[in-house]
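A short worksheet on the structure shown next.
Nothing in this text is a laboratory measurement; each read-out follows from the coordinates by a stated rule. These numbers were taken from a predicted model, which means no experiment stands behind them. Cβ sites come from the backbone with ideal geometry, for glycine too, and all protein chains shown count toward neighbours.
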Amino acid sequence: MHDQPDHDPPVAGPAVIQDERPVPRSGADGPAAPPRAVRRRGVRTAVLAALYAAVLIAHPLIPNGSHRSGSLVETFLPWSGLAIPPLLLLALFRRSWIALAAVTLPALAWLYLFGGSLVDKREKGGELIVVSHNIGADNPDPAGAARRLADTGAQVIAVQELAPGARETFHQALAPRYRHHTVQGGVGLWSTYPMTGAEPVDIMPWPRALRATLDTPKGDVTVFVAHLASVRVTPASGFTTDRRDAAARLLAEAVDRERSERTLLVGDFNGTVADRGLAPVLRGMKAAQETAGDGFGFTWPARMPVARIDHILARGLRPVSARTLPATASDHLPVSASFTL
């Protein structure tokens, strides 16, 4: 009799093969991404940021064409900085050093273009204060607007879009301090200084600009007041600046012919100083807000300004300070600047 084993013999089965490949190490947020994915993370964000920086720096190369795309981009270019925080958040979300580094490119480009506007360049003093305001043809309170402008203590007040029915009201509100004045069409000029040579400047088929010479205690100052043609943005026509640009060229020719050593050019230009369509007007002139202001000085629309289209420019005078003034009943904010003579 044979002894039986206490246990059944082992049954042969398939061999178990051990996988000796290293197991990816897991972190708190789950398995680590493969090295190639790490390298690619944030590349799209980085490319987007680089292209954005290129547009900022190379915006003069944007073709204008029939739709004036270049002028439209330049008009609202200061607002392009609003795209930088979302790009930064996207780079942080992607946890990509490449994207973070790339976002610095548009940030630096924006600061290069507009960083100076963030600095308060205003000084105290000034011998000549100039105020300009598009009071609006439908302004229900032109007398109130006139009093607001006079309260600034300015020696010179320039007005655009002055309706025929508001002229006498405006004149009465400014008398007797502003005894010297001229009105040409919808633009007017009031001054505490004697005025000579007042005449219209032909920039459009109807009067939209004037010229006059002021006799200040320190010599003559020639003043141009202008209201350039309005612009529109439509899907079919784009940025309609043809009439404005043509008027700007005619105005620039008139200013260039002026022999006065000290010249002021003020008014509603329906465009910003960055808009290439206004380049002829800006040639040889200093923009008071750019030179001696604080901030961007947006003037339109008055309730929530997005662009500075009302300007005070000077040649032969040094701007000391510039600012926007509190709103009147107009859809534009008034602007003010002081100068040394």
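General remarks:
- Principal-axis tilt of helix 43-57 within the chain, Cα atoms, nearest 10 degrees: 10
- At the listed q of 0.10 Å⁻¹, the Debye profile of segment 254-341, built from one uniform point per Cα, gives log10 I(q)/I(0) equal to -0.24.
- Size descriptors for segment 182-315 (Cα atoms only): Rg and Dmax, in that order, 15.0, 53 Å.
- Between segment 210-287 and segment 41-73, the alpha-carbon center distance in angstrom: 28
- Rounded to the nearest 10 degrees, the angle from helix 97-114 to the longest Cα principal axis of the chain is 0 degrees.
- Magnitude of the charge dipole, the chain, Cβ model with Lys/Arg +1 and Asp/Glu -1, debye to 20: 760
- Helical content of the chain, expressed as a calculated mean residue ellipticity at 222 nm, amounts to -8500 deg cm²/dmol (DSSP H runs of 4 or more residues, -39,500 (n - 2.57) each, divided by residue number, nearest 500).
- Whether segment 166-231 is rounded, prolate or oblate, judged on the alpha carbon gyration tensor where a/c under 1.5 counts as rounded: oblate
- Kirkwood Rh, angstrom, the chain [1 / mean 1/r, Cα pairs]: 23.5
- Relative to the longest principal axis of the Cα atoms of the chain, helix 242-257 runs at roughly 50 degrees.
- Three-way shape call for segment 161-203 based on the alpha-carbon gyration tensor, with the a/c threshold at 1.5: oblate
- Take each peptide in 231-238, 87-94, count the other Cβ atoms within 10 Å of every residue, and average; sorted highest first, the result is 87-94, 231-238.
- Cα→Cβ-extended label distance, 7 Å offset, between residue 92 and residue 143, nm: 5.6
- Counting every C-alpha pair in segment 225-264, the share spaced more than 12 angstrom apart comes to 65%.
- Chain lengthening between residue 240 and residue 294 when straightened (0.36 nm per residue, less Cα-Cα): 16.4 nm
- Across segment 247-341, Cα pairs under 8 Å and at least six residues apart give a relative contact order of 28 percent.
- Segment 49-102: C-alpha gyration tensor shape, a/c 1.5 cut-off, then a/b vs b/c: prolate
- Gain upon complete extension [residue 206, residue 152; 0.36 nm per residue less C-alpha separation]: 16.4 nm
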